[in-house]
Every structure is written in C-alpha cells, then in structure tokens.
1. Any chance you could give the angle, 0 to 90 degrees and rounded to 10, that helix 181-197 forms with the longest Cα principal axis of the chain?
2. Which whole-number percentage describes the relative contact order of the chain, with Cα contacts under 8 Å and a sequence gap of 6 or more?
3. Would you give the gap between the C-alpha center of the stretch 475-552 and the C-alpha center of the stretch 161-197, rounded to a whole Å?
4. Compute the long axis of helix 156-168 from its Cα atoms, compare it with the longest principal axis of the Cα atoms of the chain, and write down the angle in degrees, 0 to 90, nearest 10.
5. Return the calculated 222 nm mean residue ellipticity for the chain, to the nearest 500 deg cm²/dmol, obtained by summing -39500 (n - 2.57) across DSSP H runs with n ≥ 4 and dividing by the residue count.
6. Could you tell me whether the stretch 66-217 comes out rounded, prolate or oblate from its Cα gyration tensor? Rule is a ≥ b ≥ c as square roots of the eigenvalues, rounded for a/c under 1.5, then prolate if a/b exceeds b/c, otherwise oblate.
7. Evaluated at 37 °C with a viscosity of 0.692 mPa s, what Stokes-Einstein diffusion coefficient in µm²/s does the chain have when Rh comes from the Kirkwood expression over alpha-carbon pairs?
8. In nm, give the distance between the simple-model label positions of residue 88 and residue 47, each being 7 Å from the Cα along the Cα-to-Cβ direction.
Ligand SMILES: *Cc1c(COP(=O)(O)O)cnc(C)c1O
C-alpha cells in the first residue's frame, strides 16, 4: 500500500483492523475505510463548528450575534449593489473626482520635478537652497501650535542637540555592535530608562523599535508565538477595545490573528471588561488596554483588565504609546491618575513611544516585557543561513543608529525634571481647555466631551451641529484637528506648541461654533433640510458624511488607496 507509511499511527491501526475484518467478511475494503475516515472528518468538523458557534454566542450573546449577522448581510448586499454595472461606474467617477481634488492640494502642479538622477551631482549650495524651499512649502503651521499631536516638543534648542547627536552617528547601525559600541550602549540605556519609568520589576526587558506601530506589532507577534509554543494555539485570537490603536488590527492582518473588538460605551468610554471576559476562549492569545487611547484620550480600566488577565492566565498589553512620558508623571505633577504600569501584576507588556511625549525624533519607540522570556518570543534567529548565523531582535535588519543617539540625547537632556515640567504644562493646558469647553456659554451648550480625559487629548462631539463642519471651520482658520468616527467627534492632542496658543484655539472654536449655529438658523428659516448654494460641505464633512452612512465601506477603501497612491506621485 503506497503511502500508508505516512499515515498517523492511530489511523493506520484503524485501517489494519478494517482490512482484517473486511478480509474475513469479504466487504469491499476501500468503502469501509473511506467511511471510517469520512466519519472522523465529519465529527471533527462538527465539533469545531459547534465549539465556534458556542464561543460566538457566549461572546456576543444572542442579540449581539444576530446584530453582527445583520450587519454582515447588509455589507455583502451593499457590496453587490456597488458592483452593479451602472452603479460601479458612477462610484468610480466620484472617487476619481475626489482624488483629483485631493491631488491639487497634495501635489503642487507647477513645481520643478526631478524624476531621474541629475546627470552631474548638484553643488552643495544648490542642494541647500532646494531643501530650504522644500521646508518652507505652504503647510499647516505646527511651528505656531496649529497642529493637534504630530510635533510634541519642537523647540529650537532640543532640535539642535538632536541634529548634532544624529550627525555624530549618521553611519551607525546597531546590527554591528562591535563597529558601533556606543550605539549599543545608548540603545540598552534608553530601554532601561523607560523600563524604570514604568516600574518594571527585576528581570524585565525591552527593545527599541521604529515607532508605536512596530512596538505593537512585536507585542502581538510575541504573544502569538508564546501561545503557539506553550499551548499549541494555531488559530490565535485577541480581544481589543474598539478604541485601541488600529496597529493592533494591522497586527491581526499581518500575523493572521483573529480580532474581537469590544465596545467602549458612554459615559466613561472605557472598554467593557465583562464583555472582554465573555470573549475569552482557548484560542485567546492577548488582552489589550490603552493608557490612554488615541481617539478619546481615555485610559481603560487597566486594573480590571489586569485582574481578568491573571484569572484567565493570559498576557495583557498596555498601549502607552501616546501616554508615553506623560502618564508616568501624572501623579508627581499632582494630577488625577489611575494604575497603568507593571505594578499591576497582570500587565505583561507595554508599548511606549519615546518619539511622542518623550520628545525624541520620529522613528523611536520601545516595547517592554515583564520578563526576558516574553521578549525572546519576538526574536528572529536563523542559525543556518548561507550569509552566516543571523539574529535580530525585531522586524528590521539594519537600523538607524543615528536615531538611537538622538533619542538618548533627548532623554538625558530633558531629564526627570524636564518631563515633569512638560507634563505639568501639557496636562495643565488640557485641563484648562476642558474647563473652557465646560463653562463657555457657546461651547458648553453645543460640545460634549467624551468621558473624563486624564492626559492630553480632549475629544468632543456636537449636540445639534454636524461636528465635521466644526472641524472644517477650524481647518479654514488654519488649525489641524483630528476627525473621529463612531461616534462622530473631533479631538485635540495638546502638545508643547499648543500650550502657548490654547486660548486662541478656544476662541476660534467658539467663533466656529457660533458661525455654524448661524448657518443652521438660516437653513431653518429658509426651510431647508440640506445644504445648498454657498453652503458646500468641507473635506471632513464630505468624507465622513459618506463614510458614516455606508453599510459597506469599500468606497472609502478605494479613496484611501487612491490617497496612498498620491503620496508617491512625483
Ligand atoms: C500614535 C499611537 C500609536 C502608534 O504609533 P506610531 O508611532 O504612529 O506608529 C499607537 N497607539 C496609540 C494610542 C497612539 O496614539
């Protein structure tokens, strides 16, 4: 019997028994054999799907499961509708129009374009002149504090020091620690400093990465590997607050980890831990909480998640990418705070962006683990490569040592006192802004702050106006705030540059809200329900007006892909 030697022993035994029996009884041997296998396969199939159905029912409840089913059906049907002949071309036309409009904004039409290497290299002065022109292209004024998030420090002195540090290590690559021993030392020290900031216990360990996304990807990958090695989990799942950074969903896509998203309901907008608990099953590899999350700036109940993680013996990742060097200083700065770090026994990993409120240049972040063993799950080692034995701690091979030097220089020059002072200033401003929204006659009646933000982000929705019109109104005044969805809202992430101009921000917000109210009044007087004439929807209102109402977001996906293409339009 060719191939029978490859059969699993148990199956082979069954096969032999069947063969013996079938000889005695004279039954056609193949039929009996096939029946047996078919039964086994069917039984396993049934077991698998019954178990999944039960997990689903327990996780979402009957109502939740039906609601999900309904949303799925609507999505599929609407997807078919969008692909119908007449509809498809209409949609394509509108997407193309929107992209053409975007192109005029992003890609300057009449600038000189350099699409091939210059035949002869430019003189240095020519390069400098062109770089100067590029740096001063018309842009949203982060220098004047008009941008939410993005540039967290931006003072000349620090920038100069960072550039100097970078210049000293331009050629450095930590993949060669013998060639660049100083970079190895600085990298290890950056990780050690952040570990100590988050009260890591003895034996804790970490790595530095290129940014928060990579830190999160690594934590998810590590958790997946751990579950595979220790528990044989081959169909990994993780449970996320809906407000958790989308990098976790990216990890799900990249590493084939199924995602369960859990609601973060009003009034506190923290993840509902009872619902998290219901979704845990034997395939769960990781629980997640944010401190704070990006959309609403709310810190999840990390203590509650920690308790759950301990009870279910699961790893818990705390995303402190945004909280970075603010949250660890809240207490010392005298602000209200909650437990969030390794002092909670269930917390097994933390991501912290040194390039956000750590004020390091972009391209710096850290991911911390409670033990070295946890860190080792993200390592990649190839002992057999023809290029030599190869080992790297994370995704990249070569890495910019210069960025590590600039990060190290930032941390030691700002120091504990400096971070404490900036926490006082940034969170202090956030509280003033919050207070203003709650007390200003025009804002308090219209804007509703989401939850109780303890750090640097204030998110608000509008009671009667379209909040995206407010975002567009602010854009027209030169501000760059962040539009959010589900629920429709906008947020401001306060940075050092914003602390200097927050009063103008508040005044402009009042002016915009008043202006939108006036437009609304006119609309009502004229008996209109929709916009018309001069009253065109702005960018945010147009995008989210469409996106919010669609059961199937494939149009938005097309738009976003077109946007990515535009980024590479030379
Ligand atoms: C910014 C951010 C991240 C991702 O960081 P990147 O550096 O942009 O990759 C993750 N989580 C939160 C809460 C963030 O605000």
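Where a number appears in this text, it was derived from the coordinates with a stated rule and is not lab data. A quick note: this is a predicted structure, and the numbers were derived from the prediction, not measured. Methodologically, a virtual Cβ is constructed for each residue, glycine included, from the backbone with ideal geometry; neighbour enumeration extends over all protein chains shown.
1. That helix lies at roughly 90 degrees to the long axis.
2. Contact order relative to length: 18 percent.
3. 43
4. Long axis of 156-168 versus the principal axis of the chain: about 50 degrees.
5. Computed ellipticity for the chain at 222 nm equals -17000 deg cm²/dmol.
6. oblate
7. Details: Rh = 27.3 Å.
The diffusion coefficient I find is 120 µm²/s.
8. My value for the distance between the label points is 4.4 nm.
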